[in-house]
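A short reminder: the numbers here are calculations on the coordinates, not readings from a lab. Everything numeric in this text was worked out from a predicted model, so none of it was measured. Here the Cβ positions follow ideal geometry from the backbone for every residue, glycine too, while neighbour counts run over all protein chains shown.
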Amino acid sequence: MSQSVRSAAISTLISALCLGAFGCGQEEVPYKPRGANSGARAALPPAANLPKRPIKNGDVWTVWGASYSLRSRVHRKDVANKRLSIAGYIVKSNMADAPACAVHKAGKADAEDCKAPVPAFWIGDTKDAPEADCIKVMGWASNFAQIFDAIDEFDKGKDNAEYNDANWGVKVPNPLPAVGAKVTVTGQYGVSFSKASSGAEADPFMGVMDFQEMTIQEPAAELATLPGKKRKEKK
């Protein structure tokens, strides 16, 4: 091999080495591992300071307390299918929305095409609580005809007048559940109500109360009634 050819080969080899991983004339930079907590940290807002909501007042449950316990795996056993007293405001009733075909004296059957719901009212922890945060109370009257006759009995002017529902045997509350009243309702609490012939109703989130009795802490501004049914105020 001639001297010129050998020199060219050596130059080519040196160039190839310079273009390699280590570079020509440069020192290798050692790897420095970085911890998981190195670098800038994200600025997070402080945890919200949420107010604690009462579960019970003595032996009486709040609406939130009863429903929270029903949803809890730990506390469900304390309330599910148990006789409880729950205090709250009546924020809604379906009495005012009773269809005309269902508003009549007991003993008269509704028309075949009459679709009437089971009488119910809803209680919440505040007067303006949304229905989604309320517990539905059923079982205090089997239909609107029973309420019709109960009103007639209550308005006779007798103190502590009573009326027993002919179908369920429950004592219809006097005064009737009226929106705005603050009450304590006692009954069987659980996720469903199955007395109605129309079928069971269920609410696994807020629960349903099967009514047994009710006491009034603050009366409503007006007596509850059915559409077209006038009430007689007590003197």
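Observations on the model:
- Per-peptide packing, taken as the mean over residues of other Cβ atoms within 10 Å, places 194-207, 134-147, 66-79 in the sequence 134-147, 66-79, 194-207 from highest down.
- A simple charge model with +1 on the Cβ of Lys and Arg, -1 on the Cβ of Asp and Glu and nothing else charged puts the dipole of region 108-174 at about 120 debye relative to its Cα centre.
- Bridgeable aspartates and glutamates around LYS56 (alpha carbons under 15 Å apart, same-chain partners fewer than 8 residues away excluded): ASP78, ASP125.
- Added length on full extension, which subtracts the Cα-Cα distance from 0.36 nm per residue, ARG71 to ALA111: 10.4 nm
- Under Karplus coefficients 6.51, -1.76 and 1.60, residue-wise ³J(HN,Hα) of region 158-174 in Hz, glycine/proline x: 6, 5, 6, 4, 10, 8, 9, 4, 5, 8, 9, x, 7, 7, 5, x, 10
- Gain in span if fully extended, SER192 to THR126, counting 0.36 nm per residue against the direct Cα distance: 21.4 nm
- Dipole of region 56-218, positive direction: furthest Cα of ALA178, SER197, ILE135, with charges on the beta-carbon: ILE135
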